[in-house]
Amino acid sequence: MLNSASARAHTNIALAKYWGKRDEELIIPMNSSLSLTLDHFYTDTQVTFDDSLTADFFELDNRILPATKLTPFLDLVRQKAGIKTFATVKSFNHVPNQAGLASSASAYAALAAAASKAAGLELTRPELSRLARRGSGSASRSIYGGFVEWQEGHDDLTSVAVPIEEETDWKIGMLAIILNAGVKKIASRAGMQHVVKTSPYYPAWVKESQADINALKQAIANRDFTQLGEISESNALRMHALNLAARPPFSYFEASTIRAITMIEELRAQGVSCYYTMDAGPNVKVLCQEEDLPTIKAYLAPAFGTENLLFARPGQGVKFLEGDLHG
């Protein structure tokens, strides 16, 4: 047996965040979330099941790495397909790893699509979303393009992402300010676990999350950018407030994070409609309309460098690629 398939998946940035699990093994979240898939950041992955292998083999950006984290996920695929064959996984990640830019979302969404197809499975997009979720919760959303909701559900079948508006004509996007592309100090999973266990405000976070999602959906339907931005910014700050209220507290912010936030607020005070959001990492993402992008970049470039300002428009869902991958 020598079956191969390749897929591309884009990252997504949550406007209403996922931060905490109800079920650690199945990765069932404590609350639903809503995101925007981005075109600039993506992962290409090729999976080849090969009878000659005696273990799974993983290559990322032409570097051989341990397959320890991938093997349990590939086991799920093998179980679904009724095979025991080991696989070679080759990935090229066009996004900084573990820096709060959702590299795990694109990585596991691409892996889910490529591995399932190489194993002979023809999964629907909801089935792919459920499978991707088992690798990384946010990966469930990267199966789809545009605006996507991950419905919390209560079990493996019902916890799945659904598209809200995949092909959007709204001229908006995210400007990523790359402040630190290195590995974050506290992994997302560890941060979530600690917050759920120790942050006294966590029940309020879960309660307010659904209200944020409802309001975001309304903003998308009405093309109300101000409402979209205000809710996204507020939701991000509440997520990071949970971290500060944990025992002991922790933070993903760096001094440059605060500086970027301050500059976005200054721009808004000057009449430029832009809003910030942050995930598990120091990097700041600026939600903006395309018409304001030149003004925003010109204001931020002297402080952070033009090369560290990366703009992404709404991106597509997962797709299969032809031929062998090359970096």
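A short reminder: the numbers here are calculations on the coordinates, not readings from a lab. This one's a predicted model, so the numbers in the text were calculated from it and none came from an experiment. Counting neighbours? That spans all protein chains shown, and the Cβs are built from the backbone with ideal geometry, glycine included.
Just a few scattered comments:
- Cα pair distances of segment 125-170 binned at 5 Å [whole percent]: 6, 28, 32, 20, 9, 4, 1
- Taking a straight line from the alpha carbon of LYS90, these lysines sit under 30 Å away, with near neighbours fewer than eight places off in the same chain left out: LYS17, LYS21, LYS69, LYS80, LYS117, LYS184, LYS185, LYS285, LYS319.
- Here the chain is treated with +1 on each Lys and Arg Cβ and -1 on each Asp and Glu Cβ, and its dipole about the Cα centre works out to around 760 debye.
- Label-point gap, in nm, between LYS80 and GLU122 - each point 7 angstrom along Cα→Cβ: 1.5 nm
- Put simply, when 119-129, 105-115 are sorted by average Cβ atoms within 10 angstrom per residue, most first, you get 105-115, 119-129.
- Secondary-structure-derived ellipticity at 222 nm for the chain, considering helices only, amounts to -11500 deg cm²/dmol, per-run term -39500 (n - 2.57) for DSSP H runs with n ≥ 4.
- Cα-derived Rg to Rh of segment 1-143, Kirkwood definition: 0.96
- Within-13-Å neighbourhood charge of LEU179 [Cβ basis; K, R +1; D, E -1]: 0
- Kirkwood-type radius of the chain, with distances r between different C-alpha atoms, in Å: 20.0 Å
- At q = 0.11, 0.17 Å⁻¹, base-10 log of I(q)/I(0) for segment 199-297 (Debye sum, equal scatterers on each alpha carbon): -0.37, -0.84
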